[in-house]
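Peer 1: Have a look at the structure that comes next, please.
Values quoted throughout were computed directly from the atomic coordinates according to the rules given, and no laboratory measurement underlies them. As the structure is a computational prediction, the values presented were derived from the model and not from experiment. Every residue, glycine as well, gets a Cβ built from its backbone with ideal geometry; the counts of neighbours run over all protein chains shown.
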Protein chains: 2
Amino acid sequence: MARTGLSGLVVTDPANLYYLTGYNAWSFYMPQCLVVPLAGEPQLFMREMDAQGAHYTAYLPADLVHGYPEHLVHRPDRHPMSWIARRAVDVGVLDDGPGARIGVETDAAFFTVRGYRALQDGLARAQLVDALELVNWVRAVKSPLEQEKMRVAGEIAQGVMQVAIDNVEPGRRQCDVVAQIQYAQTLGARKLGGDYPAIVPMLPTGETAGTPHLTWSDLPLRSGEATTIELAGVYHRYHVPLARTVSLGRPPAELARCADAVTEGVQAALAQLRPGSTGQLVQEAFAASVGRHGYVKRSRVGYSIGIGYPPDWGERTISLRRGDLTRIQPGMAFHLILGMWMEGWGYELSEPVLVGAEGAERLAPLPQELTVKT
Amino acid sequence: MARTGLSGLVVTDPANLYYLTGYNAWSFYMPQCLVVPLAGEPQLFMREMDAQGAHYTAYLPADLVHGYPEHLVHRPDRHPMSWIARRAVDVGVLDDGPGARIGVETDAAFFTVRGYRALQDGLARAQLVDALELVNWVRAVKSPLEQEKMRVAGEIAQGVMQVAIDNVEPGRRQCDVVAQIQYAQTLGARKLGGDYPAIVPMLPTGETAGTPHLTWSDLPLRSGEATTIELAGVYHRYHVPLARTVSLGRPPAELARCADAVTEGVQAALAQLRPGSTGQLVQEAFAASVGRHGYVKRSRVGYSIGIGYPPDWGERTISLRRGDLTRIQPGMAFHLILGMWMEGWGYELSEPVLVGAEGAERLAPLPQELTVKT
């Protein structure tokens, strides 16, 4: 904040709120924020009914948590962010004087245009500036405690994927498989309970397997079709996403060939996921490997992971792709996801990893082949 | 649109996209929208990998679905909405001439400030104006087909709540109960599969029961404590939320007294939920009833329901509260939620209803008392 000349920062991304204070509740569908001053304690601002219990999860004492009144909810003519702006100035955590520069998260879900305008109107002489994922970037390198939580999440992910693979059988409805996945996700691992994922389990199947973000239906799985499964293990909001593909019956030659190429490509990419490397080098390693088999992948091959809230478990910072020159460091975590979405079919394989001094530690080390059930 | 002088409408709320086109996938974490012109077919704009499979759920033909290239994802220096603005003008679905007024959803969760600015920059001579939940308001009255979907969702909700009540037992971990809830939610009812809820199951318990939006932990439930359960049954994205409270052991006198007052108050509120009434009358009926027992509830007693996507299953239109004078009509649906969140304890009871010519049809008619397990 000092480096970019910010006197205050208004944090609205629930993952950033959790990272900075521990605050954790499904209250983000209403306007709420943490205001971080350049000096002094941050303060929370949220709906009254949520403010009264914020101390169950946030470390902040009650007098640093402010609740706006209920009558501000869902009004076309007023917005809670106006109240928040005034209160933040009153309690001295925001400076609305001329020259004050206040950072806001302009690409965060849940910080709406109307909320932004209400905040700006309430801070007329201050200048709102784009904080450009400032807190998200701080989150990129995980502390030892965070790494431990990700290892637990990895164990959950691995166990859940095994449940998913076991349950993909001809005649079972997609929703039956997802019900088993969710059950396992929430039960957790090592007697530690699982948390809810930022994205529901996805299992595009048959001809829709080329459509990565389709959610389930109640149609049955059929012999002769492949299903791509993408899910996450979650512990204390830390996410380890994982993707695999299951073929019911002998796979078509083109799917088997693609799977083999990706299994080879993932080794090349993993070898590049080490301190000092870059997202660009990882992408190039994968592209060169699958390119030898005639495949081209246009989308990125992965992204930074850690804390997640709906709608996304990515950190919205580092992408593993051409042009990303961020230096990879120990403590970073990535979801290396190799999705090949073709016309009418698809293949997915992923590796969630933690970067250590020696290279990538696989967090959910399942076999890297296409699972074929005959 | 004609009445408010709009030549185009940019729809970003996933529930509105689904309502208008049937499009349904977990792709809303990336910028996407439906552009609705005053005359002619609407057109979809989304990430390339999602655009190629949009026709599996949206009724629109492939040439009315446009995919932006992958390299625009998560860049600090460019935004997919700039591409969308240009493409929408090129294909003639948006007018960027002077005097053009284009509606946008300024309080929708996934339409970010950066997205808004990129859209505005790409439509320099057009004026972006607040559409004020235009599509959400159209959704308020449900068609017979929508009502049938809500009845299915109601059956799911009722069955799931029974599972939840059965599973709340001393020594069971919160996550164990939630795992059972989610399993039942996704299995569905009547051989029809359940869909994912816009909000995860919430079960604040013990002293945290006064904190409505806390999610689960892996701590065990304990004798002598009460648990408030809020969940939804979902079918084809239509939500029927439901709340109940379970006491493990004899409830404290203050909880039992509150529950009795609310059981009486809910009858008064339900009687007012009929065509020609208003949210204000419903709130007043409840307030007068519980007021006779010395209770005051500051928050609204309900809201309009229907299609839902994370982070919220409310429609963000009608609230059942003082000042809301919207005329209640047949085909509207509400979640009448009577949450009493006190210091260190809480009580919740809700009734999801469909308004018919004769009055409120309860969608999940479970007993309206506090469940006591001894």
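Peer 1: Once you charge only the Cβ atoms, +1 for Lys and Arg and -1 for Asp and Glu, what is the size of the charge dipole of chain A about its Cα centre, to the nearest 20 debye?
Peer 2: 360 debye
Peer 1: One decimal, nm, shortest first: give the distances between the label point of B:Arg292 and those of the same position in the other copies, each label point 7 Å from Cα along Cα→Cβ.
Peer 2: 8.3
Peer 1: Which distances in nm, rounded to one decimal and ordered from shortest, link the label point of B:Ala124 to the equivalent label points in the other identical copies, with labels set 7 Å from Cα toward Cβ?
Peer 2: So the distances to the same position in the other copies read 3.1 nm.
Peer 1: Need the list of lysines near A:Lys149 for cross-linking: C-alpha distance under 19 angstrom, and skip anything on the same chain fewer than eight residues off.
Peer 2: A:Lys191
Peer 1: Same structure, new question: Size of the dipole of the protein assembly as shown about the Cα centre, Lys and Arg at +1 and Asp and Glu at -1 on the beta carbon, nothing else charged, in debye to 20?
Peer 2: The dipole of the protein assembly as shown has a size of about 260 debye.
Peer 1: Here is a follow-up. Kirkwood hydrodynamic radius, computed over distinct alpha-carbon pairs, for chain B: how many Å, to one decimal?
Peer 2: 22.1 Å
Peer 1: A further question follows. Which residue, chosen from B:Ala124, B:Gly67, B:Val10, occupies the Cα position most advanced towards the positive end of the dipole of the range B:8-138, where the dipole is computed from +1 (Lys, Arg) and -1 (Asp, Glu) charges on Cβ about the Cα centre?
Peer 2: Result: B:Ala124, furthest along the dipole toward the positive end.
Peer 1: Taking the Cα centre of the range B:41-193 as origin, work out the dipole magnitude from +1 charges on Lys and Arg Cβ and -1 charges on Asp and Glu Cβ, in debye rounded to 20.
Peer 2: 180 debye
Peer 1: Using a 7 Å offset from the Cα along the Cα-to-Cβ direction at both A:Asp90 and B:Glu358, what is the distance between the two label points in nm, to one decimal?
Peer 2: Distance between label points: 5.0 nm.
Peer 1: Do you know the relative contact order of the range A:8-138, to the nearest whole percent, from alpha carbon pairs under 8 angstrom that are 6+ apart?
Peer 2: Values: 223 pairs, mean separation 34.5, N = 131.
It rounds to 26 percent for the range A:8-138.
Peer 1: I've got another one for you. Evaluate peptide A:338-347: per residue, the Cβ atoms of other protein chains within 10 Å of its Cβ; return the mean as an integer.
Peer 2: 1
Peer 1: State the Cα centre-to-centre distance between the range B:4-64 and the range B:187-205 in whole Å.
Peer 2: 26 Å
Peer 1: Once the label point is set 7 Å along the Cα-to-beta-carbon vector, what list of distances in nm do you get between B:Leu38 and its counterparts in the other copies?
Peer 2: Taking the point 7 Å beyond Cα along Cα→Cβ, the inter-copy spacings are 4.9 nm.
Peer 1: Working from the pairwise distances between different alpha carbons, so that the mean of 1/r is found and then inverted, what is the protein assembly as shown's Kirkwood radius in Å? Walk me through the numbers on the way to the answer.
Peer 2: On the way: mean 1/r = 0.0378 Å⁻¹.
Here the Kirkwood hydrodynamic radius works out to 26.5 Å.
Peer 1: Shape call for the range A:8-138 from the C-alpha gyration tensor, a ≥ b ≥ c root eigenvalues: rounded (a/c under 1.5), prolate (a/b greater than b/c) or oblate?
Peer 2: rounded
Peer 1: Just tell me how shielded B:216-223 is by partners: mean number of partner chain Cβ atoms within 10 Å of each residue's Cβ, no decimals.
Peer 2: Mean shielding count: 3.
Peer 1: Sticking with this one: Between B:Arg78 and A:Lys191, how high is the FRET efficiency from 1/(1 + (r/R0)^6) when r is the Cβ-Cβ distance and R₀ = 51 Å? Nearest 0.05.
Peer 2: 0.65
Peer 1: Could you tell me which residue out of A:Ala39, A:Ser350, A:Val262 lies farthest along the dipole of chain A toward its positive end? Charges go on the beta carbon: Lys and Arg +1, Asp and Glu -1, centred on the Cα centre.
Peer 2: Of the candidates, A:Val262 comes out farthest on the positive side.
Peer 1: Moving on. Using 7 Å Cα-to-Cβ label points, what is the B:Leu219/B:Leu145 separation (nm, one decimal)?
Peer 2: 4.7 nm
Peer 1: With an 8 Å cut-off on Cα pairs and a minimum separation of 6 or more residues, tell me the relative contact order of the range A:144-373 in percent.
Peer 2: With pairs under 8 Å counted, the relative contact order is 23 percent.
Peer 1: Between the range B:294-319 and the range B:216-260, how far is it from one alpha carbon centroid to the other, in angstrom?
Peer 2: If you average the Cα positions of each part, the centres end up 18 Å apart.
Peer 1: Here's another thing I want to ask about it. For the range B:59-123, just say rounded, prolate or oblate: build the C-alpha gyration tensor, square-root its eigenvalues into a ≥ b ≥ c, call rounded for a/c under 1.5, and beyond that prolate if a/b exceeds b/c, oblate if not.
Peer 2: Details: a/c = 1.42, a/b = 1.06, b/c = 1.34.
Rounded, because the longest to shortest axis ratio a/c is under 1.5.
Peer 1: Would you mind giving the average projected area, over all directions, of the Cα convex hull of the range A:231-374 in nm² with one decimal?
Peer 2: Mean projected area of the Cα convex hull: 8.8 nm².
Peer 1: Separate question: Based on C-alpha coordinates, I'd like the Rg and Dmax of the range B:66-182, in Å.
Peer 2: Every Cα atom of the range B:66-182 included, Rg and Dmax give 22.3, 67 Å.
Peer 1: Only helical DSSP H runs with n ≥ 4 go in: add -39500 (n - 2.57) per run for the protein assembly as shown, normalise by residue count and round the 222 nm mean residue ellipticity to 500 deg cm²/dmol.
Peer 2: -9000 deg cm²/dmol
Peer 1: How would A:Ile337, A:Ile84, A:Ile165 line up from fewest to most surrounding beta-carbon atoms within 10 angstrom?
Peer 2: Result, fewest neighbours first: A:Ile165, A:Ile337, A:Ile84.
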